[in-house]
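Structure record follows, encoded as structure tokens.
The values are calculated or read from the model by the stated rules, or taken from the named source; none is laboratory data. Because the structure is a prediction, the values reported are computed rather than measured. Cβ atoms come from the backbone with ideal geometry, glycine included; neighbour counts cover every protein chain shown.
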Amino acid sequence: MFKYTLDNKRYHTLNYFFKTKFGQKTVKIPIDINSPCPNQQNGGCIFCSNRSKAAIIIDNQNIIEQFHQTQKNYEKKWPNSLYIPYFQSGTNTNLPVEAIKPIIDTLLTEPKVVGISIATRPDCLSKSWLDYLNELNQKTFLTIEIGLQSANDKTLQLINRGHDVNTFTEAIHKLKARNIFTVAHIINGLPYEKKEDMLHTVKYLNSLQINGIKIHMLYISKNTPLEKLYIKEQFPILSKEEYINIVCEQLTLLNEKIVIERITGDPVIDELITPTWLLKKFCVLNDIDKQMKEQNIYQGMNV
């Protein structure tokens, strides 16, 4: 059995990482503070519906009420779990430090909270934020999640990402210099990318010695620039089989110590145009497990 799992997986699971680090079940609780994305001024990423929110929270709630509501739901399933508030939606370091620090301070006083996770962009890590994150990292288990999507600059330009690969590299170096746990987000199946591009992306991340990764499949949502591009150019969308093959090979190229925090996406049903096979998330997860077992492959074997 692969050594970094408790679930008979062949990759380093988040469940294993949390249980090893904290000694019991630990879950992330999505928090939405309506933080703006600076790239929206330039039109935003072409796949973004501009309504990216933590799906299980209710708008206009107090932040602590958001946390308590989700906590109650999770406790029904995992009554003895620990929690990490996850600032998920938007670009959270695009707000002033002074705006978010009191929220984090309050959350850290909550019983059973053992860390903080913050999602952001590589071009939104000012000196004041880096100083604060360094301070926060001394107090609790801090995770910074940063979207890369692709290590191909041409692709980043096409999807209007608003930064290049070098900006991401510099951001990771700054965070690693402060010993902060880093998680990268990537998307497989971006327009006109080949399998080699997607494998290159994980090789690049491997070289940066990131701590975790979230792997997503590109999906097309209604009322996005990506929808218009798809209608106009009919670029190919990965089949489920193609996606599974690529993910399995990507996993073999990632250092076994990198935590796999996500391995497929969760599209909003009423916004999804294609691919519809993504709606059967557990089938995708099971097929990844099945293929890795059949091929006798595991994370890190080709590093």
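State yes or no: is ILE57 within 20 Å of the chain's Cα centre (by Cα), at pLDDT below 95 and within 28 Å of LEU272 (Cβ to Cβ)? Considered against the rule, which asks whether it is within 20 Å of the chain's Cα centre (by Cα), at pLDDT below 95 and within 28 Å of LEU272 (Cβ to Cβ), ILE57 comes out as yes. For region 114-123, taking the residues that are in contact with a strand residue (DSSP E or B) (Cβ under 9 Å, 6 or more places away or on another chain) and part of a loop (DSSP other than H, G, I, E, B), the one that is surrounded by the fewest Cβ atoms within 10 Å (Cβ to Cβ) is identified as VAL114. Could you say whether any residue in region 149-160 is in contact with an Asp or Glu (Cβ under 9 Å, 6 or more places away or on another chain), without any contact (Cβ under 8 Å) to a residue 24 or more places away in the chain, buried (at least 16 other Cβ atoms within 10 Å of the Cβ) and part of a helix (DSSP H, G or I)? Yes, region 149-160 contains a residue that is in contact with an Asp or Glu (Cβ under 9 Å, 6 or more places away or on another chain), without any contact (Cβ under 8 Å) to a residue 24 or more places away in the chain, buried (at least 16 other Cβ atoms within 10 Å of the Cβ) and part of a helix (DSSP H, G or I).
Here is the figure for region 126-148: residues that are closer than 21 Å to THR167 by Cα, among the hydrophobic types (A, V, I, L, M, F, W, C) and either touching a Lys or Arg at 6+ places or on another chain (Cβ under 8 Å) or assigned to a helix (DSSP H, G or I) (or both) total 4.
Checked against the criterion of being in a loop (DSSP other than H, G, I, E, B) and modelled with pLDDT of 95 or more, region 96-103 contains not a single residue that satisfies it.
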